[in-house]
Ligand code: SF4
Ligand code: SF4
């Protein structure tokens, strides 16, 4: 079946047939998981539209921006400071990596016991499936976990790659290393975009990214209401879309959606039936179209009211200090803000344990589901300490280890249902 965007995708060197298969699966998944929900907010129509055009209109916007001289920079991790890209007139897109479709290609170059997220981004590139990857003038990796670090060495043979060094501890020397990495990256962004980052440009960019974080914080506060006015699936989708939509448009649209949520909260209208169990997710990021676990949870008598994840509060909790006047003051503020990220790649990582307990208490949840991708050592190992900290606070936790395949859906459903019953 031909598509209005075929010529654009062909120009981007996508494998049109395989890509059509991907869009077919995505559409079907979205229909089953999202469109089947009752009582959705009017504001979610924008998200439905953005997702329906995820490889169409947004890619066209990127191509138009590129034609006018702007550069597109792709990232895989919330450690890469978007503010620098925006300040240099570029566009940053999160490269999603939430589907299994390129797995066979990926396993030709990666060991089978690699996490699904890494296999997904390598597979998307090798199978020529992702118009975002193909639109990038630069792709930025980071030395977070060993899997990613080594996979980037292979990925670099196929795409223009730059790697930021993220420290593994939070001592003064780690902070100094990180600041020097932020500086090194600033120079790289200036080289790629051909634009010098000025104080005024950086100030605006810091404010813009903070505004997007503020609107997502507002969303989080509103969904914490009892009863919760929005499903966990919809809130996750909003967070996922925040990584690649235009930041100004996205912030406006989510502001409108929050107004609608406020009305629901005022009138005490919940999205789920009375008695639905409130749960929180914690762990590895869930990139588009990885909606498997939220769907299972929300079809098992529970509602998700928060995600302690990079596609969730880890990305929005901390703002960058906006008071700085010079470029260097603002780079310091950026370095400080990003060093607060409590990724499981850090050791020790007690901040994360404290943040999870505080979040679970604040959200008034009955339990936490810890989500770890198979072969993800940082998160799977840290699950032990997370469970201990939660249990000490009297909050039960269920630890789930899975990947992107659908083979374990029934088994997961049985475990989640038993957990929901136990927390009642
Ligand atoms: S979980 Fe860690 S490595 Fe993954 S996106 Fe978040 S900060 Fe980056
Ligand atoms: S999920 Fe775990 S193993 Fe996979 S990229 Fe993230 S930190 Fe690394």
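The values are calculated or read from the model by the stated rules, or taken from the named source; none is laboratory data. Just so it is clear, the model here is predicted, and its values are computed rather than measured. Note that we place each Cβ from the backbone using ideal geometry, even for glycine, and neighbour counts take in every protein chain shown.
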Whether any residue in the range 321-334 is closer than 30 Å to residue 70 by Cα and within 16 Å of ligand 2 (Cβ to nearest atom) is what I want to check. no
Restricting the search to the range 249-275, which residues are part of a loop (DSSP other than H, G, I, E, B) and under 22 Å from residue 47 (Cβ atoms)? 269, 270, 271, 272
Of all residues in the range 62-84, how many are within 16 Å of ligand 2 (Cβ to nearest atom) and under 19 Å from residue 12 (Cα atoms)? 2
For the range 138-226, which helices (runs of 4 or more DSSP H) that fit wholly inside it have 3 or more residues that are in contact with a helix residue (DSSP H, G or I) (Cβ under 8 Å, 6 or more places away or on another chain) and within 15 Å of ligand 2 (Cβ to nearest atom)? 146-155
Filter result for the condition that a residue is within 16 Å of ligand 1 (Cβ to nearest atom), within 22 Å of the chain's Cα centre (by Cα) and within 23 Å of residue 288 (Cα to Cα), over 85, 80, 166, 72: 80
Residues that are within 16 Å of ligand 1 (Cβ to nearest atom) and closer than 25 Å to residue 184 by Cβ: does the range 370-382 have at least one? yes
Can you tell me which residue among 363, 319 is touching a helix residue (DSSP H, G or I) at 6+ places or on another chain (Cβ under 8 Å) and away from ligand 1 (no atom under 13 Å from the Cβ)? 319
Name the one entry in 94, 102, 123 that is buried (at least 22 other Cβ atoms within 10 Å of the Cβ) and modelled with pLDDT under 95. 102
For the range 287-315, what are the residues that are over 15 Å from residue 341 (Cα atoms), within 14 Å of ligand 2 (Cβ to nearest atom) and part of a loop (DSSP other than H, G, I, E, B)? 287, 290
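Taking the stated definitions as given, is residue 343 buried (at least 23 other Cβ atoms within 10 Å of the Cβ) and within 15 Å of ligand 1 (Cβ to nearest atom)?
In short, no.
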One residue is enough: does the range 280-301 have a residue meeting the conditions surrounded by 23 or more Cβ atoms within 10 Å (Cβ to Cβ) and over 28 Å from residue 117 (Cα atoms)? no
Tell me, yes or no, whether the range 155-174 has at least one residue that is in contact with a strand residue (DSSP E or B) (Cβ under 6 Å, 6 or more places away or on another chain) and exposed (fewer than 15 other Cβ atoms within 10 Å of the Cβ). yes
If I filter the range 139-163 down to residues being within 19 Å of the chain's Cα centre (by Cα) and in contact (Cβ under 8 Å) with a residue 40 or more places away in the chain, which single residue comes out as nearest to ligand 1 (Cβ to nearest atom)? 144
Out of the residues in the range 353-374 that are part of a helix (DSSP H, G or I) and in contact (Cβ under 8 Å) with a residue 40 or more places away in the chain, state the one that is farthest from ligand 2 (Cβ to nearest atom). 362
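Based on this model, can you work out whether residue 235 counts as out of contact with any helix residue (DSSP H, G or I) (no Cβ under 6 Å at 6 or more places or on another chain), at pLDDT 95 or above and on the phi < 0 side of the Ramachandran plot?
Answer is no for this residue.
If I ask for residues that are more than 14 Å from ligand 1 (Cβ to nearest atom) and under 22 Å from residue 298 (Cβ atoms), which ones from the range 346-360 would you list?
The initial filter retains those residues of the range 346-360 that are more than 14 Å from ligand 1 (Cβ to nearest atom), namely 348, 350, 353-354, 357-360.
Correct list: 359, 360.
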